[in-house]
Amino acid sequence: MTPQSLRERKKLRTRREIRDAAYRLFAEQGFEATRIDRIAAEANVSTSTFFRYFPTKEDLVLSEDTPARPLSVELAARPVDEPVLTAVRHAIHACVVSAEREPGALERARQRMELIASVPSVRDRLPEAMARPGEDLAESLAARIGRPVDSLETRVLVGAVLGAFREALLHWAGVEPEADARALTDRTIDTLARHLSA
(Lines give C-alpha, C1' and ligand atoms only; values in the text may rest on other atoms or scores of the structure.)
Protein backbone atom coordinates (compact mmCIF):
# COMPACT_ATOMS: atom_id res chain seq x y z
CA MET A 1 0.00 0.00 0.00
CA THR A 2 1.33 3.44 -0.91
CA PRO A 3 1.97 5.59 2.18
CA GLN A 4 -0.24 8.64 2.48
CA SER A 5 1.36 11.97 1.69
CA LEU A 6 1.49 14.71 4.33
CA ARG A 7 -1.29 16.55 2.48
CA GLU A 8 -3.50 13.45 2.44
CA ARG A 9 -2.91 12.88 6.16
CA LYS A 10 -3.82 16.50 6.92
CA LYS A 11 -7.01 16.22 4.88
CA LEU A 12 -7.97 13.02 6.66
CA ARG A 13 -7.29 14.63 10.04
CA THR A 14 -9.48 17.62 9.13
CA ARG A 15 -12.31 15.32 8.00
CA ARG A 16 -12.15 13.43 11.28
CA GLU A 17 -12.06 16.62 13.34
CA ILE A 18 -15.16 17.93 11.55
CA ARG A 19 -16.96 14.60 11.95
CA ASP A 20 -16.02 14.27 15.63
CA ALA A 21 -17.25 17.83 16.29
CA ALA A 22 -20.52 17.07 14.50
CA TYR A 23 -21.12 13.87 16.45
CA ARG A 24 -20.54 15.71 19.74
CA LEU A 25 -23.13 18.30 18.73
CA PHE A 26 -25.57 15.71 17.39
CA ALA A 27 -25.41 13.95 20.79
CA GLU A 28 -26.06 17.22 22.62
CA GLN A 29 -28.77 18.80 20.50
CA GLY A 30 -29.89 16.35 17.86
CA PHE A 31 -29.18 16.06 14.15
CA GLU A 32 -31.86 18.41 12.84
CA ALA A 33 -31.11 21.16 15.37
CA THR A 34 -27.38 21.18 14.65
CA ARG A 35 -26.46 23.86 12.11
CA ILE A 36 -23.53 23.46 9.77
CA ASP A 37 -21.99 26.76 10.85
CA ARG A 38 -22.06 25.49 14.45
CA ILE A 39 -20.26 22.30 13.43
CA ALA A 40 -17.63 24.32 11.59
CA ALA A 41 -17.08 26.54 14.64
CA GLU A 42 -16.81 23.50 16.93
CA ALA A 43 -14.19 22.01 14.59
CA ASN A 44 -12.31 25.33 14.27
CA VAL A 45 -12.77 25.50 10.51
CA SER A 46 -14.69 27.84 8.23
CA THR A 47 -18.09 26.95 6.83
CA SER A 48 -16.56 26.87 3.34
CA THR A 49 -14.02 24.32 4.59
CA PHE A 50 -16.87 22.17 5.91
CA PHE A 51 -18.49 22.20 2.47
CA ARG A 52 -15.21 21.24 0.78
CA TYR A 53 -15.25 18.03 2.78
CA PHE A 54 -18.99 17.36 3.14
CA PRO A 55 -21.65 18.75 0.78
CA THR A 56 -24.39 18.18 3.42
CA LYS A 57 -24.83 16.99 7.00
CA GLU A 58 -26.14 13.71 5.60
CA ASP A 59 -22.91 13.24 3.66
CA LEU A 60 -20.95 13.76 6.87
CA VAL A 61 -22.69 10.74 8.37
CA LEU A 62 -22.81 8.55 5.27
CA SER A 63 -19.31 9.09 3.85
CA GLU A 64 -16.81 6.92 5.67
CA ASP A 65 -13.07 7.39 5.71
CA THR A 66 -11.66 4.47 3.75
CA PRO A 67 -10.12 1.91 6.14
CA ALA A 68 -6.59 0.68 5.57
CA ARG A 69 -7.97 -2.61 4.21
CA PRO A 70 -11.66 -2.44 3.26
CA LEU A 71 -13.88 -5.53 3.34
CA SER A 72 -13.45 -6.22 -0.38
CA VAL A 73 -9.65 -6.30 0.02
CA GLU A 74 -9.81 -8.51 3.12
CA LEU A 75 -12.14 -10.86 1.27
CA ALA A 76 -9.86 -11.04 -1.76
CA ALA A 77 -6.99 -12.01 0.55
CA ARG A 78 -8.76 -15.09 1.90
CA PRO A 79 -7.82 -18.58 0.53
CA VAL A 80 -9.57 -19.26 -2.77
CA ASP A 81 -10.91 -22.63 -1.61
CA GLU A 82 -12.56 -21.21 1.49
CA PRO A 83 -16.39 -21.32 1.48
CA VAL A 84 -17.93 -17.92 0.76
CA LEU A 85 -19.54 -17.35 4.16
CA THR A 86 -16.42 -18.53 5.97
CA ALA A 87 -14.33 -16.10 3.93
CA VAL A 88 -16.80 -13.26 4.60
CA ARG A 89 -16.73 -14.04 8.34
CA HIS A 90 -12.92 -13.90 8.51
CA ALA A 91 -12.77 -10.78 6.33
CA ILE A 92 -15.22 -8.90 8.55
CA HIS A 93 -13.36 -10.04 11.68
CA ALA A 94 -10.19 -8.60 10.16
CA CYS A 95 -11.95 -5.27 9.50
CA VAL A 96 -13.21 -5.16 13.10
CA VAL A 97 -9.73 -5.90 14.46
CA SER A 98 -8.33 -3.11 12.28
CA ALA A 99 -11.00 -0.69 13.56
CA GLU A 100 -10.28 -1.67 17.17
CA ARG A 101 -6.68 -0.52 16.73
CA GLU A 102 -7.87 3.02 15.95
CA PRO A 103 -9.04 4.85 19.09
CA GLY A 104 -12.75 5.61 18.97
CA ALA A 105 -13.38 3.94 15.60
CA LEU A 106 -16.00 1.45 16.82
CA GLU A 107 -17.77 4.12 18.85
CA ARG A 108 -17.92 6.37 15.79
CA ALA A 109 -19.32 3.45 13.78
CA ARG A 110 -22.01 2.89 16.41
CA GLN A 111 -22.91 6.61 16.44
CA ARG A 112 -23.10 6.57 12.66
CA MET A 113 -25.54 3.67 12.65
CA GLU A 114 -27.66 5.31 15.37
CA LEU A 115 -28.03 8.36 13.13
CA ILE A 116 -28.84 6.22 10.10
CA ALA A 117 -31.49 4.40 12.11
CA SER A 118 -33.07 7.50 13.64
CA VAL A 119 -32.80 10.29 11.02
CA PRO A 120 -35.04 9.77 7.96
CA SER A 121 -33.03 12.08 5.66
CA VAL A 122 -29.90 10.05 6.42
CA ARG A 123 -31.57 6.64 6.22
CA ASP A 124 -33.16 7.48 2.85
CA ARG A 125 -29.70 7.95 1.33
CA LEU A 126 -28.19 4.75 2.71
CA PRO A 127 -28.60 2.75 -0.55
CA GLU A 128 -26.69 5.48 -2.40
CA ALA A 129 -23.91 5.39 0.19
CA MET A 130 -23.61 1.61 -0.06
CA ALA A 131 -23.39 1.56 -3.86
CA ARG A 132 -19.59 1.91 -4.15
CA PRO A 133 -18.70 -0.56 -1.37
CA GLY A 134 -21.25 -2.89 -2.94
CA GLU A 135 -19.52 -2.74 -6.32
CA ASP A 136 -16.13 -3.42 -4.72
CA LEU A 137 -17.60 -6.36 -2.81
CA ALA A 138 -19.20 -7.66 -6.02
CA GLU A 139 -15.80 -7.82 -7.70
CA SER A 140 -14.31 -9.81 -4.81
CA LEU A 141 -17.27 -12.19 -4.63
CA ALA A 142 -17.44 -12.66 -8.40
CA ALA A 143 -13.78 -13.68 -8.49
CA ARG A 144 -14.36 -16.10 -5.63
CA ILE A 145 -17.33 -17.90 -7.19
CA GLY A 146 -16.08 -17.70 -10.78
CA ARG A 147 -19.03 -15.70 -12.11
CA PRO A 148 -19.25 -12.33 -13.88
CA VAL A 149 -19.75 -9.28 -11.67
CA ASP A 150 -23.16 -8.65 -13.24
CA SER A 151 -24.35 -12.25 -12.98
CA LEU A 152 -27.48 -13.06 -10.99
CA GLU A 153 -25.45 -15.28 -8.65
CA THR A 154 -23.00 -12.50 -7.80
CA ARG A 155 -25.70 -9.86 -7.33
CA VAL A 156 -27.73 -12.17 -5.05
CA LEU A 157 -24.67 -12.83 -2.89
CA VAL A 158 -23.83 -9.13 -2.67
CA GLY A 159 -27.41 -8.30 -1.75
CA ALA A 160 -27.51 -11.01 0.92
CA VAL A 161 -24.20 -10.01 2.51
CA LEU A 162 -24.82 -6.25 2.42
CA GLY A 163 -28.42 -6.61 3.58
CA ALA A 164 -27.48 -8.91 6.43
CA PHE A 165 -24.74 -6.66 7.72
CA ARG A 166 -26.80 -3.50 7.30
CA GLU A 167 -29.38 -5.09 9.60
CA ALA A 168 -26.67 -6.29 12.00
CA LEU A 169 -25.22 -2.78 12.27
CA LEU A 170 -28.63 -1.19 12.80
CA HIS A 171 -29.38 -3.81 15.46
CA TRP A 172 -26.04 -3.06 17.13
CA ALA A 173 -26.77 0.66 17.24
CA GLY A 174 -30.40 0.47 18.28
CA VAL A 175 -30.83 -2.72 20.31
CA GLU A 176 -27.49 -4.07 21.53
CA PRO A 177 -25.01 -1.16 21.59
CA GLU A 178 -22.83 -2.96 24.15
CA ALA A 179 -22.54 -6.14 22.07
CA ASP A 180 -19.17 -7.26 20.80
CA ALA A 181 -18.89 -6.47 17.08
CA ARG A 182 -17.21 -9.78 16.26
CA ALA A 183 -19.91 -11.71 18.14
CA LEU A 184 -22.58 -9.93 16.10
CA THR A 185 -20.66 -10.82 12.95
CA ASP A 186 -20.73 -14.49 13.93
CA ARG A 187 -24.45 -14.39 14.74
CA THR A 188 -25.16 -12.79 11.38
CA ILE A 189 -23.12 -15.32 9.40
CA ASP A 190 -24.58 -18.20 11.41
CA THR A 191 -28.10 -16.97 10.64
CA LEU A 192 -27.37 -16.86 6.91
CA ALA A 193 -25.76 -20.30 6.96
CA ARG A 194 -28.45 -21.93 9.10
CA HIS A 195 -31.60 -20.59 7.51
CA LEU A 196 -30.66 -20.02 3.86
CA SER A 197 -29.01 -23.37 3.20
CA ALA A 198 -30.76 -25.79 0.87
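Quick check: the angle from helix 6-29's long axis to the longest principal axis of the chain, C-alpha only, nearest 10 degrees?
With rounding to tens, the tilt is 80 degrees.
Which value, in Å² and to the nearest 10, is the accessible area of E114 when all protein chains are kept and the probe is 1.4 Å?
Result for E114: roughly 70 Å² accessible.
Give the accessible area for V73 in Å² (nearest 10); use a 1.4 Å probe, count only protein heavy atoms, and leave out ligands, DNA and RNA.
Ignoring ligands and nucleic acids, V73 comes out at about 60 Å².
Would you give the gap between the C-alpha center of the range 7-36 and the C-alpha center of the range 91-116, rounded to a whole Å?
16
Using a 1.4 Å probe and counting only protein heavy atoms, arrange M130, M113 so the residue with the most accessible area comes first.
Largest accessible area first, the list is M130, M113.
Just to be sure I understand the model, the point goes 7 Å from the Cα along the line to the Cβ. What's the resulting A179 to L196 distance in nm?
Taking the simple label geometry, A179 and L196 are separated by 1.7 nm.
Pairing the Cα long axis of helix 181-195 with the longest principal axis of the chain, what angle in degrees results, from 0 to 90 and rounded to the nearest 10?
So the inclination is approximately 40 degrees.
Leaving ligands, DNA and RNA out of it, work out the accessible area of D180 with a 1.4 Å probe and give it in Å² to the nearest 10.
Approximately 80 Å² of D180 is accessible to the 1.4 Å probe.
Can you compute the FRET efficiency between R187 and R9 using 1/(1 + (r/R0)^6), with r the Cβ-Cβ distance and R0 = 35 Å? Round to the nearest 0.05.
Given R0 = 35 Å and the Cβ-Cβ separation, E is 0.45.
Give the angle, between 0 and 90 degrees and rounded to the nearest 10, that separates the Cα long axis of helix 126-145 from the longest principal axis of the Cα atoms of the chain.
With rounding to tens, the tilt is 30 degrees.
For V97 paired with F51, estimate the spin-label separation in nm (one decimal), with each label point 7 Å from Cα along the Cα-to-Cβ line.
4.4
Label points 7 Å out from Cα along the Cβ direction at E107 and E32: separation in nm?
With each label placed 7 Å out from Cα toward Cβ, I get 2.8 nm.
Just from its helices, what would the mean residue ellipticity at 222 nm be for the chain, if runs of 4 or more DSSP H residues each count -39500 (n - 2.57) and the sum is divided by every residue, rounded to the nearest 500 deg cm²/dmol?
Theoretical 222 nm ellipticity from helices: -23000 deg cm²/dmol.
Using a probe of 1.4 angstrom, how much of the accessible area of the range 42-198 is carbon and sulfur, in percent?
Carbon and sulfur atoms account for 56 percent of the accessible area of the range 42-198.
Using 0.36 nm per residue of separation minus the Cα-Cα distance, give me the extension gain between S63 and R125 in nm, one decimal.
21.2 nm
Which sequence of D81, D59 reflects their accessible areas, 1.4 Å probe, from the largest down?
D81, D59
With a ≥ b ≥ c the root eigenvalues of the C-alpha gyration tensor of the range 94-157, is it rounded (a/c under 1.5), prolate (a/b larger than b/c) or oblate?
oblate
The values are calculated or read from the model by the stated rules, or taken from the named source; none is laboratory data. Owing to the predicted nature of the structure, the values given are computational and were not obtained by experimental measurement. All Cβ positions, glycine included, derive from the backbone under ideal geometry; neighbour counts span all protein chains shown. The protein model used for the area step is the full one, side chains on, heavy atoms only, and it has no ligands, DNA or RNA in it. Shrake-Rupley method; radii C 1.70, N 1.55, O 1.52, S 1.80 Å.
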